[in-house]
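Step one of this worksheet: look at the structure below.
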Amino acid sequence: MTLRISNLSKTYANGVRALHNVSLTIPSGMFGLLGPNGAGKSSLMRTIATLQEPDSGGIMLGEIDVLTQKDAVRRVLGYLPQEFGLYPSISAEVLLDYFAGLKGIRDNQERKLAVESLLHQTNLWAARKKAVGGYSGGMRQRFGIAVALLGSPQLIIVDEPTAGLDPTERNRFLDLLSEIGENVVVILSTHIVEDVTELCPNMAIIAGGEVVATGSPNDVIGEIRGKVYRTKTEKVALAQLKSDYEVISSKLVAGQPIVRVFSEQPINGQFQPAEATLEDVYFHSLARKQLAMNNEQ
């Protein structure tokens, strides 16, 4: 199944333009939607999940028109939003059984088997009798994905699923996503570059409500390969470097700034060629988009 998004636009009543002519073709498998907070990721996810209407454009999930056949979409949709509420005093086993009933699994034996299977798949079986209010952040996210997987969905949307998780829980959650992302469309919406690098064969970067890059991670990296340079500098010289060059990023390593810059032409002197990364593409795309937005004002 393929998800096709065509010229999607959305402006909220307060004048914020959340999406502008967004077009994407998302095949089966893991798809990374990468962008900073406020880029439009959640607005796009909510629109695909039938939770809000766009101003214009269209979305097709296979032969289903997402904007006019909402019930058909919801029958094949699993959605893990960035924030979701749970009944804190109820056990995971009971609560998942309840959600299974809401999903339309009426047969008691079928529902029991589905709940047991998902608790095992999400590694929550040992904690199934525990109230979800006592779960760690990572356990809550895994329970959320168990709910999203009820009913064998064909489209799964996860919005910022690893934000705030410790490294162990993050790895556990990413392993779980990689297992389920082979035969269905899974959209991973995140601002964490490593999540997309590790999981997604296809991706897009969104900024200012617009798609600014799309393709495989290797494809988008290839567009800046050979054009990235790095240097060590002093803190007092950092402002001048940002004035003289198109700085992609700077970070402190052992107290000393390491600066990465983009240049179409070779740079001599203190700079050395650097292997381009997806993080370079991300920051470079955001900087270019911000510059374009500033010029429009």
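The residue that is most open to solvent (accessible area, probe 1.4 Å), counting only those in segment 195-208 that are touching a residue at least 40 places away in the same chain (Cβ under 8 Å) and assigned to a helix (DSSP H, G or I), is THR197.
Candidates are the residues of segment 239-252 that are touching a residue at least 12 places away in the same chain (Cβ under 8 Å) and aliphatic (A, V, I, L, M); the one that is farthest from ALA276 (Cα to Cα) is LEU241. Of the residues ALA126, ALA163, the single one that is touching a strand residue (DSSP E or B) at 6+ places or on another chain (Cβ under 8 Å), surrounded by fewer than 17 Cβ atoms within 10 Å (Cβ to Cβ) and farther than 17 Å from SER28 by Cα is ALA163.
Apart from one condition, GLU83 fits all of (1) under 24 Å from GLY181 (Cβ atoms); (2) in contact with a Lys or Arg (Cβ under 9 Å, 6 or more places away or on another chain); (3) part of a loop (DSSP other than H, G, I, E, B); the exception is (2). Scanning segment 209-223 for residues that are surrounded by fewer than 20 Cβ atoms within 10 Å (Cβ to Cβ) and assigned to a loop (DSSP other than H, G, I, E, B) gives SER216, GLU223. Considering segment 255-282, the residues that are open to solvent by 50 Å² or more (accessible area, probe 1.4 Å) and either part of a strand (DSSP E or B) or among the hydrophobic types (A, V, I, L, M, F, W, C) (or both) include one that is farthest from PRO217 (Cα to Cα), namely GLN256.
Restricting the first member to segment 49-77 and to residues that are without any contact (Cβ under 8 Å) to a residue 24 or more places away in the chain, and the second to residues that are part of a loop (DSSP other than H, G, I, E, B) and among the polar types (S, T, N, Q), the beta-carbon pairs closer than 6 Å and six or more apart or on different chains are LYS70/THR50. Among the residues making up segment 1-24, those that are at pLDDT 95 or above and closer than 22 Å to SER152 by Cα are LEU3, ARG4.
Every condition in (1) of a type outside the set (D, E, K, R); (2) at pLDDT below 95; (3) not in a helix (DSSP H, G or I) holds for PRO54 except the one numbered (2).
The values are calculated or read from the model by the stated rules, or taken from the named source; none is laboratory data. Quick caveat, the model's predicted, so the values are computed rather than measured. In this analysis, Cβ positions are derived from the backbone assuming ideal geometry, glycine residues included, and neighbour counts consider all displayed protein chains. We work out accessible area using only protein heavy atoms, side chains counted, and drop any ligands, DNA or RNA first. Shrake-Rupley method; radii C 1.70, N 1.55, O 1.52, S 1.80 Å.
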